[in-house]
1. Sort out which residues of region 12-49 are exposed (fewer than 15 other Cβ atoms within 10 Å of the Cβ), over 25 Å from the mean Cα position of the chain (by Cα) and not in a loop (DSSP other than H, G, I, E, B), and write them in order of number.
2. Those residues that are closer than 15 Å to residue 176 by Cβ, at pLDDT 80 or above and over 13 Å from the mean Cα position of the chain (by Cα), I need them from region 190-232; list them, please.
3. Within region 8-18, track down each residue that is touching a His at 6+ places or on another chain (Cβ under 6 Å) and farther than 14 Å from residue 59 by Cα.
4. Take the residues in region 136-156 that are charged (D, E, K, R) and either in contact with a Ser or Thr (Cβ under 6 Å, 6 or more places away or on another chain) or modelled with pLDDT under 85 (or both), then tell me which one is farthest from residue 174 (Cα to Cα).
5. For residue 95, state whether it is assigned to a helix (DSSP H, G or I) and modelled with pLDDT of 80 or more.
Amino acid sequence: MDSWKFKNWCDAAVDRIIFPPDREAVHQELLNHLYDHYDDLVEQGVDRETAQTMALAAMGSAAEIAPQLAAIHRPFWGYLLRATQVLLVLILTVAAVAASVQLLRTSYYDPSDSVGLQPFDETLAYRDFGTYERVFYAQPGVTARSDGYVFTLTKAAVWHRNKNDPATAYKDPDTLYFQMKVFNPRPWAEFTDIGLWIWAEDSLGNTYDCYHEGLINYAPYISGNYYHTGPQTYTYDMWIADYHSQEAEWIEFHYDRSGRDLVWRLDLTGGDAA
């Protein structure tokens, strides 16, 4: 699928909207509608290229829609709205400062207490039951940014089952755990579901689908949990079961939905052995 086709169609459709915030908001709304229609078609069994063509055809001509959208989104109302928003932001900023002080006093959930983060310990850890040996460990600090959010790949570890332990003999061979931190300084920023849409590929051509594709009965795919771990901060504790990139030089995590193209590359050649 060529995601740029969706973006180009939306660019043409909002080209005549003068007020920038309106133009950006309508652009995002149209993109989401296109992707939602596309996702529905794919779930119905339509191949990806055909689904993209059908989604665009259902939206009609961008050139014909552009003047209609411009007529609805007049500059006067847009600037009036912006003035109202500025006043609201000032009020919210004062409230946010007071709220942040309270948030800093709040005990957030500590992911280090969860089973999911145990693979990042310096010692052997337990996954369900049975011991697993750490064969790779890294703190890459790879960062990507979008829409005011900062997404940082903070930790990664590959755990290999202990073949001498009967409790793990029948388990999936290897699991790649990785941790991402998501930060947005805006107090009013909403939680992002980016974790449901991350997929991966490695230097050998192996791919891992995102959880939202609904492939939970098939392996391999990326799954995980998230926790609110601080003011405007979330931590994603994620993993790839049935991991088979042991011989790869790198693995890249991707988020390419809604016209974005975020990439985090993890070097698999620099880890320290257990």
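The values are calculated or read from the model by the stated rules, or taken from the named source; none is laboratory data. For clarity, every value in this text was computed on a predicted model and none was experimentally measured. Reconstructed Cβ throughout: ideal geometry from the backbone, glycine too, with neighbour counts over all protein chains shown.
1. Scanning region 12-49 gives 12, 20.
2. Of everything in region 190-232, those that are closer than 15 Å to residue 176 by Cβ, at pLDDT 80 or above and over 13 Å from the mean Cα position of the chain (by Cα) turn out to be 201, 202, 203, 204, 206, 207, 208, 221.
3. Kept after step one, since they are touching a His at 6+ places or on another chain (Cβ under 6 Å), are these residues of region 8-18: 10, 14, 17.
Once the filter is applied, which keeps residues that are touching a His at 6+ places or on another chain (Cβ under 6 Å) and farther than 14 Å from residue 59 by Cα, region 8-18 yields only 17.
4. 147
5. no
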